[in-house]
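> One structure, pasted below without further comment.
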Amino acid sequence: MRPANRRRSAVPRSEAAANTRPHEERMAKTRRLYGILAACVAIAALALPARAADDYPLGPDSQRQPGVPQGTVTRYAWTSRIFPGTERSYWVYVPKQYDPTKPACVMVFQDGGGFQDVNGQFRVPVVFDNLIAKKEMPVTIAIMIEPGIVPAASANALPRFNRSFEYDTPDDRYARFLLEEILPEVGKRYNLTREAGGRAICGASSGGICAFTAAWQRPDQFSRVISFIGSFTDLRGGNTYPSLIRKTEPKPIRVFMQDGVNDQDIYSGNWYIGNTDVAAALKFARYEMQFVTGSGGHDGRQGGSILPDALRWLWRDYPAPISTPTSTPQPVMAVLRPGEGWQSVPIEAASADALAVDATGAVYFAAEKGIYRLDAAGHATLFRAQTGRVSGLAFGPDGSLYACLPDRRRIVRYDADGRETLLARDVTARRLSITHQGDGYAADPQQGRVWHLLPNGRKRVVGDTLAGANSVLLTPDQSLLLVAQASPGKYVVSYHRQPDGALSAGQPYFDLQIPYGQAASGAQAMTVDTEGRLYVATAAGLQVCDQAGRVIGVILNPERAPATSLVFGGPERDTLYVTAGGKIYKRKTQAKGVLSFQEPIRPPLPRL
């Protein structure tokens, strides 16, 4: 939602924006319409308890001070590609202390017209002048951006207001808009830092959740966040943040939040409760965070009053980088090791996929030229050449390596010397899993089937009508077979295994998270550990599930590339290997993997 009582004042125009009168006329009309909407919010606020006008007075840092160098504010126009058809104004504040030979920090503000107003509630140019002069924040260029509109087709039509779509949507589109359009454009004129520690983002109401989303999606680009009266409610799914924060591997961001107990309570939720839930989740996950509360409503009075203090807190100890929380009670941290991140495994082979692990913990993978083996030092040697495309690998109890060859519609096995024998034909399998007794299962997404594979080469369908069945996996005790569906749906189906290998009692058991705007989880592969936890490679990350079918943690994908296969490897089977973007990554964990071709183990009882 949009804060009420926002005022605008004229600022100098740049030469680049000199010929934008049609744009300015459209934006003037749009601002008047936004003003009407803001007035509606103000009228609704009359129902809230009365407050004295000076409850949140502006302090000296929000007032012009004699002798303080003043920066310049310039207005520009922009037409977006990422938000097609939208037009907007934005303002760039440059402090007097800016030195073009040195990269300046940069801070982005949503609803830029209100933040650039030197007579308004926030007065960013004035506050920046004062704090930069006192060296209480670094030399920082502010970019204050309006939400986009798609201009009206005629005088009797309204423009399309893009504000909620841009701000309330919990995906990476707005971050991309900044990184691919606005920052490069401003960077043509000014020397802006490219380091996440030198980039901050701020907003109020829907602009506040937008600021958090940009940093949450791209912590490698934005590490400092201020959210005033943030709209963490179900306008477009922002109410999911508390659970995401609690489950997801911590990120290197610092967050300042503010809200009032009399903030609005409407169809999408209660703003104060939403902010309180997000703050509690950040505290639980041990983020650097501050949550300042007051008696106000859905307006910028308290936010404007405390902006100088919020900036001091946000930029304290700069240029020291923002640290990633380590000692947290999050369940995912029972798997991960503090300070251990993804490491790239240097291999010469291209398009790595289809990981498998042998009894020694050595990792095998498929690539363009064949199947490779990684030794303990991480060196890759060719195990079998000219295999054709391999989509899945798994070892059997006799040491044979089984491979899915979808282009040849076959499943084959290789002995220790790489000699190939046929196991099954007319199967376009994606992944497979072999039991300790030598039989196995394969997922066939094209036919929507699960095949039971016998050592003598016979096969039979034990599960059908499973569209998108992309991966199969045995639980540690091998009593259940798990089937992941990449699309459609969001579940991993759990089946009970009968003595003859047949499947029964199927349930859509593991409830995976789906990124906003996507129709399915995109599950690619699975593995399990000795505690009975299930790991699923998805677009949202490596989702960690407990035995009861609940997602208890999300491990971030390496370099933002979705993983396509994953295994626990190494001599102790405590190193998680994944393929992503055709590369191999690894990270040491506190968990230990299970090999299905070895004797079953009984994991601990689940917490129900």
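No lab work stands behind these numbers, since they all come straight from the coordinates. This one's a predicted model, so the numbers in the text were calculated from it and none came from an experiment. Glycine gets a Cβ as well: all are built from the backbone with ideal geometry, and neighbour counts include every protein chain shown.
> Under 10 Å from the Cβ of Arg573, count the other residues' Cβ atoms, weight Lys and Arg +1, Asp and Glu -1, and hand me the total. Spell out each step's value before the answer.
Values: positive: Lys592; negative: Asp529, Glu572, Asp574.
Computed value for this residue: -2.
> Tally Lys and Arg at +1 and Asp and Glu at -1 over the other residues with C-beta under 12 Å from the C-beta of Val225: what net charge comes out?
+4
> In whole percent, what relative contact order does segment 331-588 give with Cα contacts below 8 Å and a gap of six or more residues?
Over segment 331-588, the number comes to 16 percent.
> Cross-link candidates for Lys583: which lysines have Cα within less than 30 Å, leaving aside residues fewer than 8 places away along the same chain?
By straight Cα distance, Lys583 reaches Lys247, Lys251, Lys369, Lys490, Lys592.
> A follow-up question, please. Test of understanding: ordering Trp315, Trp342 by Cβ neighbours within 10 Å, fewest first, what list do you get?
Going from sparsest to densest Cβ surroundings: Trp342, Trp315.
> Out of Ile584, Asn119, Ser243, whose Cα points farthest toward the positive end of the dipole of the chain (charges: +1 Lys, Arg; -1 Asp, Glu; placed on Cβ)?
With unit charges placed on the Cβ atoms, the residue in question is Asn119.
> With +1 assigned to the C-beta of every Lys and Arg and -1 to the C-beta of every Asp and Glu, and no other charges, what is the dipole magnitude of segment 331-588 about the Cα centre in debye, to the nearest 20?
Roughly 500 debye, rounded to the nearest 20.
> Right, something else. Ranking request for peptides 530-536, 131-137: highest mean number of other beta-carbon atoms within 10 Å first, then the rest in descending order. Walk me through the numbers on the way to the answer.
On the way: 530-536: 22.0, 131-137: 17.3.
By packing density, highest mean first, the sequence is 530-536, 131-137.
> Summing -39500 (n - 2.57) over the DSSP H runs of n ≥ 4 in the chain and dividing by its residue number, what mean residue ellipticity at 222 nm do you reach, to the nearest 500 deg cm²/dmol?
-5000 deg cm²/dmol
> Sort the following peptides by mean Cβ neighbour count (other Cβ atoms within 10 Å, averaged over residues), highest first: 578-584, 104-110, 418-424.
104-110, 578-584, 418-424
> Moving to a separate point now. What whole-number distance in Å separates the alpha-carbon centres of segment 219-295 and segment 70-130?
24 Å
> Just subtract the alpha-carbon distance of His379 and Leu605 from 0.36 nm times their residue separation and send over the number in nm, one decimal.
Once the chain is fully extended between His379 and Leu605, it gains 77.5 nm.
> Continuing with this model, one more query. Given [x] 3, 11, 15, 17, 16, 14, 12, 7, 4, 1, 0, 0; [y] 3, 16, 23, 20, 15, 13, 8, 2, 0; [z] 3, 14, 19, 19, 17, 14, 9, 5, 2, 0 as candidate values of P(r) over Cα pairs in 10 Å bins from 0, in percent, which corresponds to the one derived from the coordinates?
Recomputing P(r) over Cα pairs in 10 Å bins from 0, in percent here picks out [y].
> Now a separate question. May I ask you to list the lysines whose Cα is less than 27 Å away from that of Lys102, ignoring any residue fewer than eight positions away on the same chain?
Lys134, Lys135, Lys188
> Starting with the fewest neighbours, write out Ile322, Ile145, Ile601, Ile253 ranked by other beta-carbon atoms found within 10 Å of each beta-carbon.
Ile601, Ile322, Ile253, Ile145
> Same structure again: In a shell of Cβ-Cβ distance under 10 Å around Thr381, excluding Thr381 itself, what net charge do Lys and Arg (+1) and Asp and Glu (-1) give?
Charge balance in the 10 Å sphere: 0.
> Please arrange Cys404, Cys545 by how many other C-beta atoms lie within 10 Å of their C-beta, fewest to most. Before the final figure, lay out each step's value.
Values: Cys404 27, Cys545 23.
Going from sparsest to densest Cβ surroundings: Cys545, Cys404.
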